[in-house]
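A quick write-up on the structure given underneath.
The values are calculated or read from the model by the stated rules, or taken from the named source; none is laboratory data. All values reported here derive from a predicted model rather than from experimental measurement. Note that each Cβ is placed from the backbone with ideal geometry, even for glycine, and that neighbours are counted across all protein chains shown.
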Amino acid sequence: MLQTLGIHPSQLLINIVSFLILFFLLKKVLFAPINGVLEDRAERIKADRDEAVRLRDEAAANQAMLEQRLGNIEAEARDRMQAAERDARAVREQLLEEARGERDKVVQAGIAELRREREKLLTEVRDLVADLSMAAAAKIVERELDINAHRALIDDIVEHGVK
């Protein structure tokens, strides 16, 4: 049957043996190094994937840690701002108290100064009235006057003072 097809069994056998020899030679010379390169590449790809997974996990852990630190920093900043506000309020109250104290001292000093001035003016008025009375009495004693002259003399003394 092979002969009717034009195939000679001896040639077929030689071709099969040649093919097998060529296959084994190619397997040793060409396929082995290519398989080695493909295996190395597969190992590198697997290592790269493992490294990528490790880096992704590490990045996620770092992100979680940074978010926690950021939360802590924000809480600390809030606490510091609240403390600064409390301190500012305390300082403001202290300054207000000091200002009120100073104001009270100034008011008391002003009142005391006004009282001294009043007493001084009252003393001067008393002295002036006493001087005027003495001068009027002296002038009245010097001359005897009638009522009209007496009033004119007092009016003159009050108006122009004692000379």
* Asked: Quick check: anything in the range 9-31 loosely packed, with under 10 Cβ neighbours inside 10 Å, without any contact (Cβ under 8 Å) to a residue 60 or more places away in the chain, part of a helix (DSSP H, G or I) and not β-branched (Val, Ile, Thr)?
  -> yes
* To do: Tell me which residues, restricted to the range 68-84, are of a type outside the set (D, E, K, R) and under 9 Å from the mean Cα position of the chain (by Cα).
  => 77, 81, 84
* Asked: Yes or no: residue 113 at pLDDT below 95 and not in a helix (DSSP H, G or I)?
  -> no
* State which residue pairs qualify: first residue charged (D, E, K, R) and inside the range 139-159, second residue outside any helix (DSSP H, G or I) and modelled with pLDDT of 70 or more in any location, beta carbons under 8 Å apart, and separation of 6 or more residues or different chains. => none
* Within the set of pairs 6+ apart or on separate chains, which have a first residue in the range 38-59 that is touching a residue at least 40 places away in the same chain (Cβ under 8 Å), a second that is assigned to a helix (DSSP H, G or I) and polar (S, T, N, Q), and C-beta atoms under 6 Å apart? -> none
